[in-house]
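The values are calculated or read from the model by the stated rules, or taken from the named source; none is laboratory data. Remember, predicted model here, so these are calculated numbers, not experimental data. No Cβ is skipped: glycine too gets one built from the backbone with ideal geometry, and neighbour counts run over all protein chains shown. The accessibility values were calculated without ligands, DNA or RNA, using every heavy atom of the protein model including side chains. Shrake-Rupley method; radii C 1.70, N 1.55, O 1.52, S 1.80 Å.
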Protein chains: 2
Amino acid sequence: MVPRVVFGRGSFASIDTILMPKRRNSEAPFIYLVDAFFEGTDLHTKIPLLFDDQIIYISAEEEPKTEQVDALVAKLKADYTELPSGIIGIGGGTLLDMAKAVALLMTNPGSSADYQGWDLIQRPGLYHVGIPTISGTGAEVSRTAVLMGPEKKLGLNSDYTTYDQVILDPNFLATVPKEQWFYTGMDCFIHCVESLEGTYLNAFSESYGEKAYDLCKEVFLGDIPKLEAEEKLMMASWHGGMSIAYSQVGVAHAMSYGLSYVLSTKHGIGNCLVFQFLEEFYPEGVALFNKMMQKHNISLPKGICANCTDAELELMAKIALGMAPLWENALGPNWESKISKEDLIAIYKKI
Amino acid sequence: MVPRVVFGRGSFASIDTILMPKRRNSEAPFIYLVDAFFEGTDLHTKIPLLFDDQIIYISAEEEPKTEQVDALVAKLKADYTELPSGIIGIGGGTLLDMAKAVALLMTNPGSSADYQGWDLIQRPGLYHVGIPTISGTGAEVSRTAVLMGPEKKLGLNSDYTTYDQVILDPNFLATVPKEQWFYTGMDCFIHCVESLEGTYLNAFSESYGEKAYDLCKEVFLGDIPKLEAEEKLMMASWHGGMSIAYSQVGVAHAMSYGLSYVLSTKHGIGNCLVFQFLEEFYPEGVALFNKMMQKHNISLPKGICANCTDAELELMAKIALGMAPLWENALGPNWESKISKEDLIAIYKKI
């Protein structure tokens, strides 16, 4: 779990006092990885740069990649004689996962692709701070950093991955574009459905998952003031992330991973594209999802897989079925007898 | 926040593998502070003692005291040439707070009474692990260790106080005596009421407080199987503790502190004794509390303050009114104009 968290409107301003005691010396900078969305805004004026501190803007248009992480690590090692004092990620799931991965790879040798899996990271990373500016992924609280690698889309899952400090400032949510707000929020809602309907569920995950689920319903189906909705979505993401940290996601995430891998579909919208056709697995969840789509006038793109070759569809299904723990959580220990490559291809063809 | 937590029936058995990497060497023992309730049971056979590890049984009949903490620290310093590898607290709030305080005082000089307050602890304590065997206080997750000192009942509140590791094993709850189960559970319920009705509330605390409140209602007013109720109460305590960590308690805790200080009333029952007469502050909470009492055939002792002298009643009220943040949370910034010593004495006299 994240050992330190501050919450509140305007709490981003406390970054100065939070980082101060963590600066090792003037040669050991803080590196800010910031969503390129903020380039040209005044955010940089609020970042307390000192000495050789650096802001690096990174596009979140594509899913974070192992080669991107490796290139950033190589750059930072070339730029400085000392290891940085810390890495600060500011953005949505892409930036938050990227910053976690960079912090880990600064102290663990080799390529980030070597660590895609569970508990392969052997050494603590650099001190790292997460500041979400979009809510839903749960990346701010999770023990994974999901990366697209040369062979798979899979996270660096370890106790060292989790942020050392998180700053939850709902003011950041004011500028999120509507579609992005919805798709990322649905990532949280879908997490919760998968966790609560899963066979891995326990009372710990359940209590977090139920709270996040209830908050999502308030945010996306209730009529609450905008500021309150921002704060509640931020907390939904937090609790949803905690829920899956102690259980697992399911069918939607497995299939969304396949889709992302082949078509580079972004995670949030990918989950939505898949989830709409998962009534047989999650009837109540899909019904609520449809209501939420309707209430917010969201229309998902169609024909995404229309031009896919058979080989591409096969690869999607193979990648999805490779996520064994997700299927076991969704369908139980005999999941392999309950789902086939053909079943998945039939669903992908609808997307 | 607690950086590491495991949850599950039987998870206590994982203590062996959790502690292994934390043992510095054979001269640096693990010290288990265990509720004397377990003396004579087979719990000691499940504790993986090695080298000079030691189990110390401690009575939870009275609230933990600064002098007790100081004596334990002196004993451990005399018993060993090296600092212990870690302190493990096994019990309810008393034992959990005691173990936190001992871990801190092994590395911070002076008496524990010197640190009663906020952020007075300057150095990290020894590695410390909390294992709750009764649920409700939230001590397993909080950043305080409440101690009765020579001058006040007040916690050692600091970022270093929080446990490094918690093991949540609902199996421990099977043997809790019914009254103790109820009073300690009500500590959680009362936390939540005070947090949710308080002026310090924010969306972070609210989401935790609401979940804990809902879980308390399920446990104490619902009809759910015993095992499920144990697990849900364990999670209620966890979320309730998180809720007050980021907000504050209120009238019941302030007044209960006064009662404890003068009459050594235990915290759980003390809260209940006070809360029953706080309708004017928490009408809905007190109504639910009365339903819970009725459902579980709990009758609180009467006439507790009947033989108190005027000086004792004055002292209770003075101690209670000394907890300024609790009153500000309950009644707002102008709390001093809304409550008087006489008001409190009138309530104490009913108890």
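Before anything else, pin down the relative contact order of chain B: Cα pairs under 8 Å, at least 6 apart, normalised by residue count, whole percent.
Details: 672 pairs, mean separation 53.4, N = 351.
Relative CO of chain B lands at 15 percent.
Rounded to two decimals, what is Rg over Rh for the stretch B:4-174 when you use alpha-carbon atoms and the Kirkwood radius?
Values: Rg = 14.7 Å, Rh = 15.8 Å.
Answer for the stretch B:4-174: 0.93.
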At q = 0.19, 0.28, 0.32 1/Å the base-10 log of I(q)/I(0) from the Debye formula over the alpha-carbon atoms of the stretch B:309-351 is -0.55, -0.99, -1.13
What ratio of Cα Rg to 2.2 N^0.38 Å holds for the stretch A:269-351?
1.17
Residues whose built amide H sits under 5 Å from the amide H of B:L156, excluding neighbours closer than 5 in sequence, are B:G117, B:A145, B:V146, B:L147
Per the C-alpha gyration tensor (a ≥ b ≥ c, the square roots of its eigenvalues), the stretch A:230-325 is rounded if a/c is under 1.5, else prolate if a/b beats b/c, else oblate; here it's oblate
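Which order, highest average first, do A:289-298, A:229-238, B:284-293, B:301-310 follow once you tally other Cβ atoms within 10 Å for each residue and take the mean per peptide? Walk me through the intermediate numbers first.
Details: A:289-298: 14.6, A:229-238: 25.6, B:284-293: 16.7, B:301-310: 11.6.
Most protected by this proxy first, the peptides run A:229-238, B:284-293, A:289-298, B:301-310.
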In whole Hz, what ³J(HN,Hα) sequence does the stretch A:230-241 give by Karplus (6.51, -1.76, 1.60; θ = phi - 60°), x for Gly and Pro?
4, 5, 5, 5, 4, 6, 4, 4, 4, 5, x, x
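In Å², what does the accessible area per residue of chain B work out to with a 1.4 Å probe?
Details: 13380 Å² over 351 residues.
With all protein chains present, chain B gives 38 Å² per residue.
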Shortest first and in nm with one decimal, please list how far the A:A78 label point sits from its counterparts in the other copies (point 7 Å along Cα→Cβ).
6.4
Once the Cα atoms of chain B are picked out, what are the Rg and Dmax in Å?
19.6, 60
Using θ = phi - 60° and Karplus 6.51 cos²θ - 1.76 cosθ + 1.60, couplings along the stretch A:318-331 (whole Hz; Gly, Pro as x):
5, 4, 4, 6, x, 8, 3, x, 5, 6, 5, 4, 6, 10
Could you state the per residue volume, in Å³, of the convex hull enclosing the Cα atoms of the stretch B:177-348?
102
Rg to Rh ratio, the protein assembly as shown, alpha-carbon atoms and Kirkwood radius?
0.98
Distances from A:N25 to the same residue in each other copy, label points 7 Å out along Cα→Cβ, in nm, shortest first?
2.9
Most fluctuating residue of A:A71, A:A60, A:A252 in a GNM of chain A with Cα springs under 10 Å: which is it?
A:A71
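Convex hull volume of the Cα atoms in the stretch A:77-223, per residue, in Å³? Spell out each step's value before the answer.
Numbers: hull volume 20.8 nm³, N = 147.
With only Cα atoms used, the stretch A:77-223 gives 142 Å³ per residue.
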Along the stretch B:338-345, Karplus-curve 3J(HN,Hα) (6.51, -1.76, 1.60; θ = phi - 60°) to the nearest Hz, with x for Gly and Pro, reads 9, 9, 10, 4, 5, 4, 5, 4
In whole angstrom, note down how far apart the Cα centers of the stretch A:247-324 and the stretch B:178-236 are.
37
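Please list, by residue number, every one of the chymotrypsin sites (Phe, Trp or Tyr not before Pro) in the stretch B:22-56 that is coil in DSSP and has at most 14 other beta-carbon atoms within 10 Å. Display every interim value, and only then the final one.
Details: sites: B:F30, B:Y32, B:F37, B:F38, B:F51; in loops: B:F51.
In loop regions of the stretch B:22-56 (DSSP not H, G, I, E or B), the sparsely surrounded chymotrypsin sites (Phe, Trp or Tyr not before Pro) are B:F51.
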If you take the square roots of the eigenvalues of the alpha-carbon gyration tensor of the stretch B:108-154 and sort them as a ≥ b ≥ c, do you get rounded (a/c under 1.5), prolate (a/b over b/c) or oblate?
oblate
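Within the accessible area of chain B, what % is carbon and sulfur when the probe is 1.4 Å and the other protein chains stay in place?
Carbon-and-sulfur percentage of accessible area, whole number: 52.
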List every residue whose amide H lies under 5 Å from the amide H of A:I88, counting only residues 5 or more places away in sequence or on a different chain, with H placed 1.01 Å from N in the peptide plane.
A:I31, A:Y32, A:L33, A:V129
Based solely on its DSSP helices, what 222 nm [θ] is calculated for chain B when runs of n ≥ 4 H residues each add -39,500 (n - 2.57) and the sum is averaged over all residues, nearest 500 deg cm²/dmol?
-14000 deg cm²/dmol
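Between the DSSP loop rule and a limit of at most 11 other Cβ atoms within 10 Å, which trypsin sites (Lys or Arg not before Pro) in the stretch B:1-63 are left?
Values: sites: B:R4, B:R9, B:K22, B:R23, B:R24, B:K46; in loops: B:R9, B:R23, B:R24.
Those that pass, being in a loop and sparsely packed, number zero.
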Can you tell me the equivalent ellipsoid semi-axes for the stretch A:44-106? Use √(5λ) from the Cα gyration tensor, largest first, whole Å.
19, 16, 9
Taking a point 7 Å out from Cα toward Cβ as the label site, list the nm distances between B:S299 and the same residue in every other copy, smallest first.
7.0
